[in-house]
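Only the coordinates and a few stated rules stand behind these numbers; no lab work does. These figures come from a predicted structure and were not determined experimentally. Here Cβ is always computed from backbone atoms with ideal geometry, including for glycine, and neighbour counts include all displayed protein chains.
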2 protein chains.
Amino acid sequence: MDTRQQIIDAADHLFYRNGFTHTSFTDIASTIDISRGNFYHHFKSKNEILSAVIQARLDRTKQFIEQWEKENLSPRKRIASFINILTTNKTKIAQYGCPVGTLTIELGKINHDAQPHAKEIFSLFRSWLTEQFIQLGHHKDADALAMHLLSHSQGIATMFNAFKDESFLNREVGELHHWLNTLVD
Amino acid sequence: MDTRQQIIDAADHLFYRNGFTHTSFTDIASTIDISRGNFYHHFKSKNEILSAVIQARLDRTKQFIEQWEKENLSPRKRIASFINILTTNKTKIAQYGCPVGTLTIELGKINHDAQPHAKEIFSLFRSWLTEQFIQLGHHKDADALAMHLLSHSQGIATMFNAFKDESFLNREVGELHHWLNTLVD
DNA sequence: GTCTATATAATGATAGAC
DNA sequence: GTCTATCATTATATAGAC
């Protein structure tokens with residue numbers, strides 16, 4: 001087994017569920033059964049682990065986007081795939097919120113150097129969604145539509161995390177799909 | 001000076017800006033110039049301080065709502081006052097996000113007992129907004145409209161915190177006001 | 001009511017044996 | 001490459017003098 005990769009995977013998991021600050025080396029070490037001292041052969045510091053976790057999430061996001069490009073022929077269907085993340089991941093969102101939003105907020109509060117890196121995941125979705133809205137014919141307000149969709153999704157995730165109300169989630173996701181379908185070609 | 005109140009005020013300030021986990025007794029003590037040992041005369045633990053901070057925020061929220069009831073004659077204007085929080089507090093939101101959403105998410109991640117208490121601030125806004133939409137004549141979907149507005153505001157706060165894009169904020173706030181004004185009486 | 005001194009546990013990080 | 005042992009620092013919390 002690749003220990004370095006095991007560390008990244010376990011840290012990714014724990015940073016999402018328990019937060020970066022609240023995750024200790026002891027926590028990570030115990031889940032993959034290595035000693036605390038072993039970390040420093042693979043990473044110089046906790047910050048370097050965070051950096052690797054963010055990079056892994058960025059890479060995963062890129063792969064998701066590539067998959068949507070392959071599976072869906074129309075930009076409308078690709079945007080619909082983005083909206084459906086909320087439904088697909090509803091169990092995790094109810095427990096831990098949106099992985100992108102919660103990490104960006106947390107790193108911002110502790111003034112962490114890696115906050116801009118974490119924010120790049122938002123930027124990736126933003127620019128990709130903008131491109132999709134352009135392909136839909138909305139050249140002028142494509143970025144505004146992308147930001148509208150991103151912020152609305154983010155808000156749904158936060159409120160679903162707080163109230164865990166499935167009918168709320170389904171209703172809001174339905175409204176997003178309706179909003180998307182009323183946008184003219 | 002009331003030391004107990006000073007502790008609550010300083011903790012309120014720091015929990016919002018730096019997060020609950022990342023705020024230490026040393027941080028609070030140094031801002032109001034007391035010793036660390038003095039805390040335990042006023043509070044049994046850090047959790048008791050958190051509890052007092054959340055209660056203070058709940059009380060403040062109730063006062064805000066009472067003020068809106070006094071100042072604004074129509075439910076539509078009262079809801080508009082809620083929307084305008086985003087603009088009024090934009091500087092703090094850009095730096096630290098929404099105080100309600102970020103604390104609720106953080107306490108959820110560390111599995112803190114006080115998370116339901118923090119969530120009550122959301123519930124307070126939710127039930128008050130629901131009442132306003134009922135007064136607007138939307139008896140059937142008042143709670144859905146309240147949740148829609150809450151989640152949308154929450155998403156705007158998160159994305160404004162990430163990108164600090166004022167034109168985005170103004171555009172989304174404008175859309176919320178437009179959405180409110182197109183709701184029939 | 002406030003302080004100093006201290007207890008105890010946990011943190012991130014290092015050194016060096018194997 | 002992994003371990004044990006240890007360091008320095010910080011954390012929450014307690015005891016007791018004033």
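Using 0.36 nm per residue of separation minus the Cα-Cα distance, give me the extension gain between B:T3 and B:R171 in nm, one decimal. Please report the intermediate quantities before stating the final value.
Details: separation 168, 0.36 × 168 = 60.48 nm, distance 4.32 nm.
Answer, rounded to one decimal: 56.2 nm.
For peptide A:94-106, how many partner chain Cβ atoms fall within 10 Å of a residue's Cβ, on average?
Working: counts 1, 2, 3, 6, 3, 0, 2, 10, 7, 0, 6, 12, 8.
Mean inter-chain Cβ contacts per residue within 10 Å come to 5.
Label-to-label distance, A:N111 versus B:D59, with points set 7 angstrom from Cα along the beta-carbon direction: 3.0 nm. The packing ranking, built from the mean of other Cβ atoms within 10 Å per residue, places the peptides A:141-149, A:23-31 in the order A:141-149, A:23-31, highest first. Which of the helices in chain A, when you take each full DSSP H run, stretch at least 20 Å along the axis at their Cα atoms and have an average Kyte-Doolittle score of 0.5 or higher? Length and hydropathy pass: A:142-163. Ranking of A:I134, A:I93 by neighbouring Cβ atoms within 10 Å, starting from the fewest: A:I134, A:I93.
Residue and whole-Å distance for the chain B Cβ lying nearest the axis of the B-onto-A rotation are B:G155, 1. What separates the B:Q67 label point from its copies, with the point 7 Å along Cα to Cβ, is 4.8 nm, written shortest first.
With a cap of 11 neighbouring Cβ atoms within 10 Å, and only residues DSSP puts in a loop, list the trypsin sites (Lys or Arg not before Pro) found in segment B:84-161.
Sparse-neighbourhood loop trypsin sites (Lys or Arg not before Pro): B:K140.
Sorted from shortest to longest, the distances between the B:H41 label points of this copy and the other copies are 5.3 nm, with each point 7 Å from Cα along the line through the beta carbon. Model label sites at A:Q67 and A:H41, defined 7 Å from Cα along the beta-carbon direction, differ in position by 3.3 nm. Across the identical copies, the label point of B:S30 (7 Å from Cα in the Cβ direction) is separated from its matches by 3.0 nm, in order from shortest. Model label points for A:T26 and A:N181, set 7 angstrom from Cα along the Cα-to-Cβ axis, are 5.3 nm apart. Per residue of chain B, what 222 nm ellipticity follows from adding -39500 (n - 2.57) for every DSSP H run with n ≥ 4, rounded to the nearest 500? Calculated from helices alone, the mean residue ellipticity at 222 nm is -25500 deg cm²/dmol. About the centre of its Cα atoms, segment B:53-182 shows a dipole size close to 160 debye [charges on the beta carbon of Lys, Arg (+1) and Asp, Glu (-1) only; nearest 20 debye].
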